[in-house]
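To start, the structure itself, in structure tokens.
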Amino acid sequence: MELEKYNACSQAARKLIKADLVLKNASIVNVFTSRVERGSIAIKNGMIVGIGDYEGEEEIDVEGKYVTSGFINSHLHLESTMVNPQVMIAEAAKHGTTTFIVDPHEAANVAGRDGIDYLLDQTKNSPAHVYVMIASCVPATPVDDNGVRLTAKDMECYVDNRRVLGLGEVMDTQAVITGDPDMNAKFQLFDGKVKDGHAPGLTKEELAAYALAGVSTDHEGTSYEYVMQERAMGITCLIREGSAARNLEAIVRGIVENNATTDGFCFCTDDRHIEDTIRDGDIDNCVRKAVSMGISPIAAIKMATIQPARCYGLRRTGAVAPGFDADIVVWDSLKDFNAQMVFYNGKRIDDGMLNIQPAACPPQLMDTVHLSNVNPEKLVIKPGNVPFPVIKMIPGEIITERIDMVLPGTENGGPFVPDDKVCKIASFERHHYTGKVGVGAAYGFGIRGGAIASSVSHDSHNIIAIGDNDEDILLAVKELERTHGGYTVVEHGKIYETLELPIMGLISDRDQSYVSEKVRLMTAKAHEMGVPKDMEPFVTLSFMGLPVIPEIRCIPRGIYSVDERKLLT
Ligand SMILES: [Fe+2]
């Protein structure tokens, strides 16, 4: 802190001058003593300078309310909202989250550093601290066809950026534990900084090798037993409560039943729809749920504040105490956790601060769909009368199962003809005009009389399409070429509706209500066309090309077995 600022804060702390703002008569959750303490909170120059009996230029009486530090969302992907990144920040800030640790993994896979810079740029004037972890696995695996390959050399420019805290989720666990030199170079580049993990289903020995490389967090733990294995190795568990993947209940139940310590646990949302945040909140939702399941309110607040702050080396964040940033939330109770007032750097967050002014988008990010040679011949599958590896899609899950079956229509050597059980699925490389198309069959999607397609297709974000006939699949793909990315639904040779996502094929340039309404319409249509009601059509489809989650995927190179790590077609 500069001397001039320190002197002003010090004088306010010693009551020689008035504070800028005092929150009077607060019940303050002290994360260091684990007690609720009474007092008035003095704020000067955006910083908490003292707790006690203070006077301020401005005073707000918070008698009967509870005060905590602003919550920290320890891991999230803003691109998943499909709207300007500031929209999620603003919505979550209203709910008491004042620090976000963002992983721009999707943008980086499409546009490399331009994508990362877009996220940094769009969030630099947010009413919250927005930090970035540099995406470590771009592409996620060597079999991916993504937009840009990011090497350690490409990342050097970020190491000294004060908003960059370290290396983002390291999902290529094999590259880490087998000592891949490129991965090792990234770890060395971020030596002394945080490395986020992504380690579902490792053996204890693999996990040991992963931890000793320097990974210090993981948000992929889905069971209490697994995360305790990680905790035993010192890995911080970021309990995830996203829109599709929800792990809070299983992990918190384990903690409560085993009377385990909550040290080393934080909360995150990973991938969460904006509608869910508007309706249920952000980290306040996690805290509320954890408390309702039996975690003490103070323990839950520590999981949302000081624990992630310490984990990520944020020394002035996470507590209501002298020397901490005045990121403060006034709550109605420690049960309901309804935010009454939120302060960021000592300023009350109001509608003016939440007024979103998107920064200009570089033109190259508006032109990222580069398809070549999209024609009907590419979609023909003729395996003959032999079993074909089919992707079984599972409602509410992003994992898939492999079923080997003779495809309808192929018994006598003819081409695969989808029926009401088995659809055609295809992934079209869209970054570099390579013309690669992987084609396969998917069980359990059920769409009839058309197709849907999406340029949101983790993690490489090629165009993925699924349908019951080639003409509609091709029409859907051509439509997304026209709009430079998006979601589309085609029915009987006609485009029913398209959500344009022209920014990297991931993000809309329209507002949130426009996006939500289109998604609602298209989701309803997909269900009407036969997709099971308990399956979210676009989100589920968007994971069918992700070759790091078991068991079988469709990527531009063909059908890929994640378990065997090889192409099957
Ligand atoms: Fe993630």
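For segment 82-91, how many residues meet the condition of being open to solvent by less than 10 Å² (accessible area, probe 1.4 Å) and either within 16 Å of the ligand (Cβ to nearest atom) or more than 20 Å from V539 (Cβ to Cβ) (or both)?
4
Can you tell me which residues in segment 421-432 are open to solvent by 10 Å² or more (accessible area, probe 1.4 Å) and either closer than 11 Å to I466 by Cα or more than 28 Å from the chain's Cα centre (by Cα) (or both)?
K421
Per-residue answers, yes or no, for (1) of a type in the set (K, R); (2) out of contact with any helix residue (DSSP H, G or I) (no Cβ under 9 Å at 6 or more places or on another chain); (3) open to solvent by less than 20 Å² (accessible area, probe 1.4 Å):
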position: G313; (1), (2), (3): no, yes, no
position: A319; (1), (2), (3): no, no, yes
position: A326; (1), (2), (3): no, yes, yes
position: F337; (1), (2), (3): no, no, yes
position: Q340; (1), (2), (3): no, yes, no
position: R348; (1), (2), (3): yes, yes, no
position: G352; (1), (2), (3): no, yes, no
position: N355; (1), (2), (3): no, no, no
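Looking at P387, P418, which one is more than 26 Å from the chain's Cα centre (by Cα) and either closer than 19 Å to I555 by Cβ or open to solvent by 30 Å² or more (accessible area, probe 1.4 Å) (or both)?
Details: P418 fails: either closer than 19 Å to I555 by Cβ or open to solvent by 30 Å² or more (accessible area, probe 1.4 Å) (or both).
None of the others qualify; the one that does is P387.
Of the residues in segment 195-219, how many are more than 19 Å from C266 (Cβ to Cβ) and more than 16 Å from the ligand (Cβ to nearest atom)? Full working, then the answer.
So the first thing to find is which residues in segment 195-219 are more than 19 Å from C266 (Cβ to Cβ), and the list is 201-206, 208-209, 212-213.
Now restrict to residues that are more than 16 Å from the ligand (Cβ to nearest atom): 202-206, 208-209, 212-213.
Looking only at that region, the number is 9.
With the requirement that a residue be in contact (Cβ under 8 Å) with a residue 24 or more places away in the chain and more than 16 Å from the ligand (Cβ to nearest atom), what does segment 154-171 give you? Don't jump to the end; show me each part of the working.
The initial filter retains those residues of segment 154-171 that are in contact (Cβ under 8 Å) with a residue 24 or more places away in the chain, namely 154-159, 161, 163-171.
D154, M155, E156, C157, Y158, V159, N161, R163, V164, listed by residue number.
If we scan segment 54-65, do we find a residue that is touching a helix residue (DSSP H, G or I) at 6+ places or on another chain (Cβ under 6 Å) and either at pLDDT below 95 or part of a strand (DSSP E or B) (or both)?
Let us first name the residues in segment 54-65 that are touching a helix residue (DSSP H, G or I) at 6+ places or on another chain (Cβ under 6 Å), namely none.
No.
Which of the residues belonging to segment 460-483 are touching a residue at least 12 places away in the same chain (Cβ under 8 Å), surrounded by fewer than 24 Cβ atoms within 10 Å (Cβ to Cβ) and either over 23 Å from V406 (Cβ atoms) or of a type in the set (S, T, Y) (or both)? I'd like the intermediate steps shown before the answer.
Residues of segment 460-483 touching a residue at least 12 places away in the same chain (Cβ under 8 Å): 460-481, 483.
Now restrict to residues that are surrounded by fewer than 24 Cβ atoms within 10 Å (Cβ to Cβ): 468-471, 474-475, 478-479, 481, 483.
E471, L474, L475, K478, E479, E481, T483 - these are the residues of segment 460-483 that are touching a residue at least 12 places away in the same chain (Cβ under 8 Å), surrounded by fewer than 24 Cβ atoms within 10 Å (Cβ to Cβ) and either over 23 Å from V406 (Cβ atoms) or of a type in the set (S, T, Y) (or both).
Name the one entry in G52, G96 that is open to solvent by 10 Å² or more (accessible area, probe 1.4 Å) and not basic (K, R).
Of the residues listed, the single one that is open to solvent by 10 Å² or more (accessible area, probe 1.4 Å) and not basic (K, R) is G52.
Could you list all residues from segment 64-81 that are out of contact with any Leu (no Cβ under 9 Å at 6 or more places or on another chain), within 16 Å of the ligand (Cβ to nearest atom) and under 15 Å from F337 (Cβ atoms)?
The answer is N73, and nothing else.
Which one of these is among the aliphatic types (A, V, I, L, M) and either more than 37 Å from the chain's Cα centre (by Cα) or within 30 Å of E517 (Cβ to Cβ) (or both): M1, M47, M82?
On the way: M1 fails: either more than 37 Å from the chain's Cα centre (by Cα) or within 30 Å of E517 (Cβ to Cβ) (or both); M47 fails: either more than 37 Å from the chain's Cα centre (by Cα) or within 30 Å of E517 (Cβ to Cβ) (or both).
Going through M1, M47, M82 in turn, just one is among the aliphatic types (A, V, I, L, M) and either more than 37 Å from the chain's Cα centre (by Cα) or within 30 Å of E517 (Cβ to Cβ) (or both): M82.
Select from segment 252-292 the residues that are open to solvent by 60 Å² or more (accessible area, probe 1.4 Å) and part of a loop (DSSP other than H, G, I, E, B) and write down the one among them that is nearest to P308 (Cα to Cα).
D263
Does at least one position in segment 291-304 carry a residue that is β-branched (V, I, T), modelled with pLDDT of 95 or more and either within 16 Å of the ligand (Cβ to nearest atom) or in contact with a Gly (Cβ under 9 Å, 6 or more places away or on another chain) (or both)? Step through it out loud before you land on a result.
Restricting attention to segment 291-304, the residues satisfying the condition of being β-branched (V, I, T) are 291, 295, 298, 301.
Remaining after also requiring modelled with pLDDT of 95 or more: 291, 295, 298, 301.
So of that shortlist, the ones also either within 16 Å of the ligand (Cβ to nearest atom) or in contact with a Gly (Cβ under 9 Å, 6 or more places away or on another chain) (or both) come out as none.
No - not one qualifying residue is present in segment 291-304.
Taking strands (runs of 3 or more DSSP E) that fall entirely within segment 486-568, which contain at least 3 residues that are open to solvent by less than 10 Å² (accessible area, probe 1.4 Å), touching a Gly at 6+ places or on another chain (Cβ under 8 Å) and under 20 Å from D404 (Cβ atoms)? Reasoning before the result, please.
Values: elements: 486-491, 494-500, 552-555, 558-561.
Those strands (runs of 3 or more DSSP E) span 552-555.
The values are calculated or read from the model by the stated rules, or taken from the named source; none is laboratory data. On a predicted model such as this, the values are computed, not experimentally measured, just so you know. All Cβ positions, even for glycine, are placed from backbone atoms using ideal geometry, and neighbour counts span all protein chains on display. These accessible areas exclude ligands, DNA and RNA; they are computed on the full protein's heavy atoms, side chains included. Shrake-Rupley method; radii C 1.70, N 1.55, O 1.52, S 1.80 Å.
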